[in-house]
């Protein structure tokens, strides 16, 4: 899996927007490899199970076992999760979007563009700046505008052209905010933990 600095920065911003859900998601993924971690529900609530998982992770990572997610704990969990992700991947993004070097320029029509257009339509419920548009496979003005919005957020060149780097950023955003989203996510009001 390719992981550029811009993609890492976008991922970090996404995770900080919903830190408890992101923490639970990372710990849940890590529990598949590290069986000392309990499998968590991604519900956005820092409850007993999340506290237990944090403390178990801190113990195994040689960090002070406080149950508080300070910057050192956050970084250790994130780095461990990113390393696991890199080992486990032939990423979903790569399988869904055509091979490296393929681009869908503004005005182009490609049937596989219907998938990212649908993803943008769903993400529009969560982000200002994304405009719902027809999922018709045509990279028209609204679709290209959504692509530019994402490219700007990800620190990519704002071309309006869907390429593999933009698709990877869209996939990460969708996975964090939609795939792992639940119906019961109260607004986060605390700090790191």
Residue order, fewest to most beta carbons within 10 Å, for 177, 127: 127, 177
Separation of the residue 178 and residue 63 label points, Cα + 7 Å toward Cβ, nm: 3.1 nm
164, 143, 171 arranged by Cβ crowding within 10 Å, fewest neighbours leading: 164, 171, 143
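Quick check on the exposure proxy: order 36, 120, 46 from fewest to most C-beta atoms within 10 angstrom. Spell out each step's value before the answer.
Details: 36 11, 120 25, 46 19.
In order of increasing Cβ crowding within 10 Å: 36, 46, 120.
Each reported figure results from applying straightforward, stated rules to the coordinates on display, with no laboratory input. Computed from a predicted structure; not experimentally measured. Cβ atoms come from the backbone with ideal geometry, glycine included; neighbour counts cover every protein chain shown.
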